[in-house]
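What follows is a set of notes on a single structure, which appears directly below.
Since every read-out is calculated from the coordinates, none of them should be taken as a lab result. No experiment lies behind these values; they were computed from the predicted model shown. With ideal geometry, Cβ positions are generated from the backbone for all residues, glycine too; neighbour counts draw on all protein chains shown.
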Amino acid sequence: MTTIAQMTRRRGRDRESGWQRAYYRLVAAGLTAAIGGPQIARLTSWLFDGSGIGSHPLGLALLLAAFAGVMMLVSWAGPIVVSPADVRWLVLSPLNRRRTLARSALILLTLLTAAGATIGVLGAAVFGRPGELLFGVLLGSAAMAAAGSAAVLLQEAEAKLDWIRLAAISLVAVAGALIWLRPELPGLSTAQVAGAALIAAGLLMRLAWRALASFPARVLVNASARMVTAAAASLGLEPALLASVAEERYWRHRRLRSRRWPRDGRWLIVRSDLRMLSRRPGRLTVLAGLTALPTIVCLAGGTLSIAVAVLLAGGLSAATTAAAGARWEAQNPEIPRMLAMRGLSARAVVPAALVALWVGTAFAILSLAGFTPIWCILYGLAAAPGLTAGALRMARRGPVNHAMPVIDLGLGGIPTGPLFWAIAGVDIAALGNAPLLFGMTPLSLAVQAILGAALLAAYLNHNR
């Protein structure tokens, strides 16, 4: 008589036969070779051509930005992460902690080494030094392994400040300074720098390996829960869950001081938005540094229209940063009911003020660099209402509606749910700042101010 376990095993074997796995792997390898082969051949020809980029500071800024991006991802992930099953059964059991985490550490080292080698190859191509390809790969891999080991040590020490993220932000600031100033780079030997990086990476990796033996379990539990939520958000196409994970991670270990509430509910809302904004000084610092980005785009050879598009994107990001209170209200409708508040007029005060300051400062830097007239600073006031309405709409858009139909274009389907979710808020911001996108004249400034104020008033009246 066939048991249920035998039927389950038989179905599993039929469903995952060896030739099917081989077929899928061959198809995947063929598609990867067909798609990535020409790009790899083009990169290889550029690498061994030896031309590189004309400006070495610009190439170094590109490499620093790529390195900072990888480190931001490592800082957000853990970097030591184990599966939920291992957290519950192995990490919390009286087993050797280092042996339990050795597999995760090896995977992390492999990924970081691969990313560092890629950056090293890119560096040899950027600087036009194909003869130093091996030293570039060694330098990139060693630098990435050293940074990852430092991240592991900070995770084990449960540091209050995210030093890896601060270092990544500092690297982005240095990259921006290199693009802006274009200084002469010192002629250092790649072999000597790679040797020093290998020594530092070896020491840090040894310390990180020792730290695995006393790794705290609560850090691993939090990292595992965070990655499970991130995986669910990625598979389910729910970006809002990622924002919730980041918010919960930031506020989990912070002690907040309470103060006496004002009597007027509207001032309470404004004050709460100001308090939430002041408790994230890192975001304000990044926003302050990004005010020079439109000018950097112009200095790098971009047109003024591209700089204006970058400026509006930065203004929308600033407004979204200050609209966290509106997002919390959308997720928790009991908050405005408890405060006996209706509408979003109070929630629009802080985002509008921050946008006006950010856009005005960006236009002031453009004016000082000679790309725009000085009166364009007034666009900070004119663009604030439209960007504020877009930010409030983005903050209150909620999860993706996957029940919406899929548009079939013949070459593939486009899901309208994620599409409408992505453009929610951007549409209002683009419509409210359309005069600025078509030109910068006193007439467009006046039209911009009227159109933005009308859109913000209509949006606030619609959500009363």
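Set the Förster distance to 56 Å, then compute FRET efficiency between S55 and R206 from the Cβ-Cβ distance, nearest 0.05. With a Förster radius of 56 Å, E is 0.90. Projected label points at L95 and A424, each 7 Å from Cα along the beta carbon direction, are separated by 4.3 nanometres.
Hey, rough spin-label estimate for A369 and L106, points 7 angstrom out along Cα→Cβ, what's it come to in nanometres? Here the answer is 4.9 nm between the modelled labels. Note on region 264-462: Cα-Cα pairs beyond 30 Å make up 26% of the total pair count. Looking at the square roots a ≥ b ≥ c of the eigenvalues of the Cα gyration tensor of region 47-232, which shape do they give, rounded for a/c under 1.5, prolate if a/b is larger than b/c, or oblate? Note, shape of region 47-232 comes out prolate. Given +1 at the Cβ of Lys and Arg, -1 at the Cβ of Asp and Glu and no other charges, the dipole of region 264-462 around its Cα centre is 580 debye to the nearest 20.
Model label sites at V219 and V193, defined 7 Å from Cα along the beta-carbon direction, differ in position by 3.0 nm. Residue-normalised convex hull volume from the C-alpha trace of region 342-452: 138 Å³ per residue. Shape class of region 283-325 from the alpha-carbon gyration tensor: oblate, with a/c at 1.5 or above and b/c at least as large as a/b.
As a proxy for reagent exposure, ranking S224, S141, S55, S305 by other Cβ atoms within 10 Å from fewest up yields S305, S55, S224, S141. Note on region 75-160: dipole from Cβ charges, positive end direction compared against P84, G140, A150; the farthest Cα belongs to P84.
What is the calculated FRET efficiency for L274 to S83, with r their C-beta to C-beta distance and R₀ = 41 Å, to the nearest 0.05?
Plugging the Cβ-Cβ distance into 1/(1 + (r/R0)^6) gives 0.50.
Rank these for me by crowding, E184, E247, going from fewest to most other beta carbons within 10 Å.
E184, E247
Dipole of region 264-462 (Lys/Arg Cβ +1, Asp/Glu Cβ -1, origin at the Cα centre): which of V270, G314, P373 lies farthest to the positive side? Going by the charge dipole, the pick is V270.
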